[in-house]
Each structure stands twice: as C-alpha cells, then as structure tokens.
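Peer 1: Below is a structure I'd like to ask you about.
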Amino acid sequence: MSEILVIEDELFLRQNIITILQLKGYQCHEASHGVEGIEILKKIKPDLILCDVMMPGIDGFGVLEYVKSVDSLKEVPFIFVTARADTQDKERAYKMNADNYITKPFSIAELISAIELCLPKPLI
Amino acid sequence: MKGHSSYIEKSDINDKNTNDSTLVFILKNIDAAVLLETSAHKIEFINNAYCSLFNITIPADHLLGMDSFEIAKASAYLFAEPEVYLNRLNQITEENITVSKEEIQLLDGRIFERDYKPVLIEDDINITGHFWCYKELSLTKKNNDLSATGELFYRNVLNNIPVDIAIYNKEHKYVFVNKSGIGNDIVRDWMVGKNDFDYSLSGNKGFQKALSRRNYFEQALDSSQIVQFEEKDINDKGQETCNLQHYYPCVNEVNEIEFVIGYGVNISRIRQNEKLLIKSLETYQNLIHNLDEVVFIVDQKNVLQYVNPLWENVFNKSYYESVGKPINTFFSPEVFKSIEKDLESIKKDNSVDKIKREIRIETVNGIIKHYNYYFSRFYGILKDEVMVSGYVVDITDQVNAREELLKVLQKERILSDMKTEFVNMVSHELRTPLSIIQSSAEILELMYQLENPSKETMGNYSVRIVDEVKNLKNLMDELLLISKIETDDLQFNPKEIDVISFVDEIISQHFNPWKDGRKIAMEIRGNSRLVNGDKFMLKHIINNILDNAFKYSMDKQAPMLRIFFGHDGWSLVCRDYGIGIPGNEINNLGSSFKRGSNSGFIQGTGLGLVVVNYFVDKHKGTVHYQSTIDKGTFVRISFPYLD
C-alpha cells in the first residue's frame, strides 16, 4: 500500500484529500504546514508527497527544496496542489523538478490520475 | 644805330667805326638765324644758325655771294606748302615792309618767328638789301601748350573722380573744386576765390558747417598734418548722407604750406551698413541677454571673454567681476574636472562640434541645482585662435519633475504589483473554499458508490459545503466593499450620532447574545456626548471588531466593550479572552488576506480589518492592538470629535 504525505494548511481541504486518498486505497500522513511536513519527512520516506504552495512558515517550494536536497528523498514523486494559478509558479515548480502541479479546485479524477502517473496502481 | 628803328642802315653793319669783328662774332653765334642780302639777292652775311634752321649743309662762309633765292628754293621742302613760303619771301622783298614776329611753321612742327627789315642807303630811299632774322618759337610755345593741356587733363581727372575734391589757398579760399564737390558749373566757377562762409551765405544755409570746416582747416594748417572729420547732411531725397572729409596741407621744399587739398569720401553706405550691423548686433545681443540660459565665451586659455546677464544669477558675479577671469574660478574643482575635459576636447578635436553634459551644482545656500551645459567651438579674429561658446540651462525643475515622475512611477509599479498580488490572493481565497466544496461533494458521491455513508458523515460534508459557500459569500461582500473603497465610491457622510444608543442597538442585534449564547458587557467612561461619524462605517467597524472578539474566543469568557469619552476624542476599546495574535503578526493586521497563523479553522476572509482600517482612517482615527497568545486581545480605536 503506497504511503502519501499530504501537506496542506487548510484543515477541511486536508481532511477531504486524505478521505479521498484513503477511499482510493492509499495510506496517508498529514501535516498542516511546511515545517511540520519536513519534520515528518525526517522520520518517514513516503512514496509520494502532495504539497500546498502557500503556507505559513516554510512554503511548498521550501519543502520541495528540502526534499531534493536529501539523497534518500530526492526520488520521491512530488506533486503541488495549489490555489496559485499563475504560470510563473508553475514554471518555478517544474524547474525545481516537481513531478506535477494541480490547481485548485480540482476533481478527484484529476488528483488520482496525477498520483497514478507517478505511482504504481494500488491493488484495491 | 640811328634814324628809323624799322630800317637797318647799311652803315650800321659796315660802319668803319664799329668793331666789325665783334659784331660779326655776335651775329655768327646768336641763337637766331640771320641772313643779309643785297637788293639783287646776293648773300652778304649768313650765320650757322640760319644754315642749321634751313638744313643747309654747306658751311656759312661758302654761301657768301650766292643767290639767296636759290638757297630759299632749296629749303622750301621744309614747309608744308613750299609755294606759299617762297611767294611770301617775294612779297616781302617787293613790298619792302618791315615784318615783325611773323609766325611760320615747318613741316616737322617747329615754329619760328620771322623778322624782316629792308636795308637802306644814306638817302633813306633806295633799298640796298634785305635783313632776315628767324627765331625758333617751338620750345616756348610747346611748353605753354603743354602746360595748358596738362591742367585740362588734371582738371578732367579730378572732375571725374567720384570724390569731392577742393583745393584751398592758405586763406581757406577755393582755388579749385571738382564736379563731385559742386555739380553746377556756374556755381563751381563762382566758388573759386570764395570760401565756405560765402557759400553758406549764398544758399542761406547758416554757418554751422562753415565754422566747423574752418576749425578743422586751422587744425590742418597748425599741425601741417592731414585732418579727418565727418560731415552729415541731408540729400535731395531727404536721406542722411555722411562724408568723411580730409584737409591735406601740401608743403613746398622749405616746408611752407602752399595750399590745402580737401577731399571728402561719401561713406553714407558704410555708415548705413555700420548702423545695420550695430542693429543686428543689438538684436543678437538682446536675444542673448534675454535667453533663458547662461551664455559665455572663453578664449584659448579658458579666460572668460563674455557672459550674459543670466550668468550673474547663477554664479553671483557680475559681468565686470567675471570677464577676464579664468572660468575654473567659478566652479568647485571636482565639477570643473569634467568641464575642463570637455573644453579641451571641443578645442582640440575637430570631429566634435558640440559637447553636451548634465552637471549637479550645490549653491552657496546648499541648494542642489541641475544644469545642462553645452559647448561649441568657433574661431576668433586672429587665425587659429579657438574660442568656445558655452550655454548653461537650469534644468533643476525638469530633473525634479523627472525624479518626481520616477517616484510616482515606482509607486504606481508597487501599487500595480500590489494589485496583482491582491488578485492572486483573491484567486487563492476563492479556490480554496471551492476546492473544499468540490471535494466534499465528490467524496459524498464516492461514498455512495463504495459504501453506504452514515447520516453523520453526510451531515458533516453538507455542513462543510454550506459553510464554505457562506464563507465565499462573505468574501464576495468584502471584496465588493473594497472595490468600492478603491474607486472612492463610498462617500464619507458624517452625522451627529448618540454613540451609546447607536452601539447599544448593534449589540442587541448581534452580540447580546452572540450565536453561542455569550453576552457582551458594555461600559461607558467619561462624559458622554454626541459625536460626528458615518453611521454605515461605524456600524461596520463595531460589527467587525466584536465579531472577531467572539470568533477568536470560543468557549472563553465573553468579550467586553468600553466606550470612552475623552477631552479631544472618543474611543472604542474591545477586550477579549481568546487565542490572541502572535506578536510578530500584529503588524500584518489590516493587510489583505493576512490572518493570524493560529486562526486555524476559524472562518474569516482576511479582509475584515482592511475595511476597518480604511473606515477608521476616514474618521481620522487610529487602531491600536495589544495581544497575548491564549490570554486575549485589546483593540483600541480612537476617534477625534470631528467638529
């Protein structure tokens, strides 16, 4: 069962994403902001990271930078889920080797296909 | 000699009492040609001068006794009309009339005077011979003729020179005046022997000119030097004329003045051109004087040769204090460094015609002035003397305006960046609740497909959807308000308000009790009075502040509101016992979409205080926050009375 780390500061949205992923058969870890996300990453190595961009403290780019700087983590697929729709952010994300960039609001299908592109399909 | 003087008596010549040889010697050697013949025309005496005159090559002594007529015939060819010559000789000897100074001319132009006298014997009746004497006149005559022709020639020349010429004697009387001087022939002839006073008298012209001329004439006589002076006049056409007159004294070998030549040159055109030149110079000077820029000229050694009046305004030194001084004395050494470089390159580099540069000068009063200067090169009167004209324009106003514009532009850019940022934030703020709504709805659907969701789960997600829609609605309302604020569509409409009853009404509507049942406590301090304020804005402020106080203090003691009437103004103080605001975030309050990092799932748009700040500002009031995490927050909003 693939493990996904969800970093999102908006409580209800975080809860909804986790509910969806669990319904789709993924195991989830959650963090409400960047610093907390990095703390979790120091303890576990998820199969994929879903991360918001705008967060208090360390933002999504900061988290990605950390992930790419750690040898054991840099191959972990990294998907941005963000309310920022401007192309500059998108370009920046791809330059930093993010694997995908999903803009809010998104459908479950969008979210799942983005994840499945990076991960082997779960058995369920 | 005796008897009639018109006859020569033979005894005169052959007088035994006279010294024959002496007489003969004289006759032989005088200039005149002399011939004495008998009545039968036999030559009794002939001198060498006679032979020479008539081209007779035989020596005089050998001619004695020969027929004089034959000699005359042989010489007749010397005359233009030989017949006339010979006939006249015959006529004279036949008539025996004394001939005196009869002019005859030879073919070669020579002129002779002929004298003839018959020679009588003692009885005075019978003619015994003829006496002929020829004297050459040509030389004297020629000289006389020549001098007459010469005078005419020079008169002609002088009359045709387009310059007034007069010759005066020492008494300043006219000896001669040419046609240019006086055109009228009669007047010109009359003028000789007269002076300028006579001329003035004749023309009723007053003595002004004559007096002035006399004065200069005497100067010329006294100094024996040429004297020049200008004479102005009005010509027939009424135009002013100007003559440059000269009195030139002519001296003889012993340095005495013999006569004075006066000549005047018409310099009206020159003077006219000078006037035009001066006029155009004045025009240009006027132009340069009134130019809105400083103009100066420096010579090869950078010494000022000219400055216009504006120079003084800029450099505080007058024309006289500046011209002749090196230009570097007017600038600080560091400013002059660039000026000097430019001056040298404009002087030396022919490929550069003009140099332009901007400089910044601090005046004595410490005011910063900006100038544009430009240099251009020209050549002085002396060849190879390079001069530089400089023009300095005060561009302080332009520079200030430019800087002002840059500031405005920068402000605009910041504003525009802020707007973009704001739009991004709005987009973010809309997208998040939309995401929650979409995902909640999709979860419900998914749950229906996978399992039978409980009523509780369904309720959770539908509440989540309704809440987010409510949140979106609030966001929309506040965005609308902000857009009204931005376009100044919200009119500030102050009216007299009884604050206590006004606040009371608001409290009773929403906060007494709030939706969780807590009731706010209100206190009044100071002497209550009517205040001026905009009801709509004040209501929004109070609602927002109180709503925040309740929202962020769930499950805690109810907030308190105090209205304080001071001397200069009144204030609203709201105190809650809620979660507080992190210290470093207090300054962010009032910025769009900035909420306390500890606000968690407490609903809010992050725009409420933006509006509050704006409305307080309209009342010329201030907002002050004081907060401790988990202890609560004080908000003090102070207003002046706005009388």
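Peer 1: Just the ratio, please: alpha-carbon radius of gyration of the range B:400-483 over 2.2 N^0.38 Å, N its number of residues. Display every interim value, and only then the final one.
Peer 2: On the way: Rg = 21.3 Å, N = 84, 2.2 N^0.38 = 11.8 Å.
So the range B:400-483 has a normalised radius of gyration of 1.80.
Peer 1: Give the separation of the Cα centroids, the range A:75-98 to the range B:174-233, in Å.
Peer 2: 112 Å
Peer 1: Then there is this: Taking Cα centroids, how far is the range B:287-360 from the range B:484-504 in Å?
Peer 2: Cα centres, the range B:287-360 to the range B:484-504: 63 Å.
Peer 1: Go through the range B:208-222 residue by residue and turn each phi into a ³J(HN,Hα) via Karplus (6.51, -1.76, 1.60, θ = phi - 60°); whole Hz please, and just put x for glycine and proline.
Peer 2: Rounded to whole hertz, the list is 3, 5, 4, 5, 4, 5, 4, 4, 5, 4, 5, 4, 5, 5, 5.
Peer 1: Take the Cα gyration tensor of the range B:254-344, multiply each eigenvalue by 5, square-root it, and list the three semi-axes largest first, rounded to whole angstrom. Walk me through the numbers on the way to the answer.
Peer 2: Working: eigenvalues 392, 78, 27 Å².
Whole-Å semi-axes of the equivalent ellipsoid: 44, 20, 12.
Peer 1: While we're here: Do you know the relative contact order of chain B, to the nearest whole percent, from alpha carbon pairs under 8 angstrom that are 6+ apart? Walk me through the numbers before you get to the answer.
Peer 2: Values: 950 pairs, mean separation 34.7, N = 643.
About 5 percent, as a whole number.
Peer 1: Within a 10 angstrom radius of each residue's Cβ in A:50-63, how many Cβ atoms of other chains show up on average? Whole number is fine.
Peer 2: Working: counts 0, 0, 1, 1, 5, 1, 6, 1, 0, 0, 0, 0, 0, 0.
That works out to 1 on average.
Peer 1: Here's another thing I want to ask about it. For a 28 Å ceiling on Cα separation, which of these pairs sit above it: B:LYS369/B:LYS407; A:LYS104/B:LYS419; B:LYS317/B:LYS356; B:LYS411/B:LYS551; B:LYS237/B:LYS275; B:LYS484/B:LYS535? Please list the in-between numbers first.
Peer 2: Values: B:LYS369/B:LYS407 19 Å; A:LYS104/B:LYS419 21 Å; B:LYS317/B:LYS356 24 Å; B:LYS411/B:LYS551 36 Å; B:LYS237/B:LYS275 19 Å; B:LYS484/B:LYS535 17 Å.
Violating the 28 Å limit, Cα to Cα: B:LYS411/B:LYS551.
Peer 1: Compute from the Cα atoms of the range A:47-124 the Rg and the Dmax, the latter being the longest Cα-Cα distance, and quote both in angstrom.
Peer 2: Spelled out, the Cα radius of gyration and Dmax of the range A:47-124 are 12.4, 37 Å.
Peer 1: Here's another thing I want to ask about it. How shielded is A:97-109 by partner chains, expressed as the average number of their Cβ atoms within 10 Å of its Cβ atoms? Each step should come with its number before you reach the end.
Peer 2: Values: counts 0, 0, 0, 0, 0, 1, 3, 11, 10, 6, 3, 7, 1.
Averaged over the peptide's residues, the number is 3.
Peer 1: What residues from the range B:366-402 fall in the zone where the backbone N is under 20 Å from a label point 7 Å along the Cα-to-C-beta line of B:SER351?
Peer 2: Answer for this model: B:375-378.
Peer 1: With a Förster radius of 35 Å, plug the Cβ-Cβ distance of B:PHE634 and B:SER416 into 1/(1 + (r/R0)^6) and report the FRET value to the nearest 0.05.
Peer 2: After rounding to 0.05, the efficiency reads 0.45.
Peer 1: Further question on the same structure: Note the angle between two axes, namely the Cα long axis of helix B:333-348 and the longest principal axis of the Cα atoms of chain B, as a number of degrees from 0 to 90, rounded to the nearest 10.
Peer 2: It is inclined by approximately 40 degrees.
Peer 1: How many percent of all Cα-Cα pairs in the range B:84-233 sit more than 20 Å apart?
Peer 2: Taking all Cα-Cα pairs of the range B:84-233, the fraction more than 20 Å apart is 67 percent.
Peer 1: Based on DSSP H runs of at least 4 residues, each adding -39500 (n - 2.57), what is the mean residue ellipticity at 222 nm of chain B after dividing by all its residues, to the nearest 500 deg cm²/dmol?
Peer 2: Details: 18 runs with 268 residues, N = 643.
Calculated mean residue ellipticity at 222 nm is -13500 deg cm²/dmol.
Peer 1: Which three extents, in whole angstrom, do the alpha-carbon atoms of the protein assembly as shown cover along their principal axes, largest first?
Peer 2: 206, 74, 44
Peer 1: Oh, and also: Could you grab the Rg to Rh ratio for the range B:362-415? Cα atoms only, Kirkwood for Rh. Numbers along the way, then the final one.
Peer 2: Numbers: Rg = 18.9 Å, Rh = 14.4 Å.
Value, to two decimals: 1.31.
Peer 1: How far apart, in nanometres, would the label points at B:ASN290 and A:LEU11 be if each is projected 7 angstrom from Cα along the Cα-to-Cβ direction?
Peer 2: Going by the 7 Å Cα→Cβ label model, 8.1 nm.
Peer 1: Give the average over all directions of the projected area of the C-alpha convex hull of the range A:1-93, one decimal, in nm².
Peer 2: 5.7 nm²
Peer 1: Report, as an integer, the average count of C-beta atoms from other chains found within 10 Å of each Cβ along B:436-444.
Peer 2: Numbers: counts 10, 3, 7, 13, 5, 2, 8, 7, 0.
Average per residue, whole number: 6.
Peer 1: Set the Förster distance to 35 Å, then compute FRET efficiency between B:VAL323 and B:GLU404 from the Cβ-Cβ distance, nearest 0.05.
Peer 2: Numbers: r = 38 Å, r/R0 = 1.08.
For B:VAL323 and B:GLU404, the calculated efficiency is 0.40.
Peer 1: Now, a different point. Along the three principal axes, how long is the range B:511-578 when you take its alpha carbons, biggest first, rounded to the nearest angstrom?
Peer 2: 37, 24, 17
Peer 1: For the range B:286-402, report the translational diffusion coefficient in µm²/s to the nearest whole number, using Stokes-Einstein at 25 °C, 0.890 mPa s, and a Kirkwood Rh over Cα pairs. Can you show the working numbers first?
Peer 2: Working: Rh = 14.7 Å.
Stokes-Einstein gives a translational diffusion coefficient of 167 µm²/s.
Peer 1: Which angle between 0 and 90 degrees, to the nearest 10, do you get for helix B:535-551 versus the longest principal axis of chain B when only C-alpha atoms count?
Peer 2: 50 degrees
Peer 1: Give me P(r) over the range B:337-395, computed from all C-alpha to C-alpha distances, binned every 5 Å, as integer percentages.
Peer 2: Bin by bin from 0 Å, the calculated values are 4, 17, 24, 21, 14, 9, 6, 3, 1.
Peer 1: Mean projection of the alpha-carbon convex hull of chain B over all orientations, in nm²?
Peer 2: Numbers: hull surface 294.7 nm².
With the hull built on Cα positions only, its mean projection is 73.7 nm².
Peer 1: Take the Cα coordinates of the range B:212-253, assign each an equal point scatterer, and use the Debye formula without solvent to give log10 I(q)/I(0) at q = 0.34 Å⁻¹.
Peer 2: -1.11
Peer 1: Mind giving me the FRET efficiency for B:TYR641 and B:GLU451? R0 is 60 Å, r the Cβ-Cβ distance, nearest 0.05 is fine.
Peer 2: On the way: r = 66 Å, r/R0 = 1.09.
Efficiency at R0 = 60 Å is approximately 0.35.
Peer 1: Would you grab the residues whose amide H sits under 5 Å from the one on B:GLU44? Only those 5+ places off in sequence or on another chain, please, with H modelled 1.01 Å from N.
Peer 2: Distant-sequence amide H within range of B:GLU44: B:LEU36, B:GLU37, B:THR38, B:GLY65.
Peer 1: Report the Cα-based extents of the range B:344-466 along its three principal axes, largest first, to the nearest Å.
Peer 2: 112, 38, 14 Å, listed from the longest principal axis down.
Peer 1: Across 5 Å bins from the origin, how do the percents of Cα pairs in the range B:74-125 run, short distances first?
Peer 2: Going from the shortest bin to the longest, the percentages are 5, 17, 24, 24, 15, 7, 5, 3, 0.
Peer 1: Could you calculate, for the range B:33-85, the ratio of the Cα radius of gyration to the Kirkwood radius, expressed as Rg to Rh? Display every interim value, and only then the final one.
Peer 2: Working: Rg = 10.6 Å, Rh = 11.2 Å.
Result: Rg/Rh = 0.95.
Peer 1: Turning to a different aspect of this structure: Tilt of helix B:82-95 relative to the longest C-alpha principal axis of chain B, in degrees (0 to 90, nearest 10)?
Peer 2: Taking Cα atoms only, the helix is inclined about 40 degrees.
We did not get these values from a lab; they are worked out from the coordinates using the rules stated. It should be emphasised that the depicted structure is a prediction, and the values quoted were computed from it without experimental measurement. All Cβ positions, even for glycine, are placed from backbone atoms using ideal geometry, and neighbour counts span all protein chains on display.
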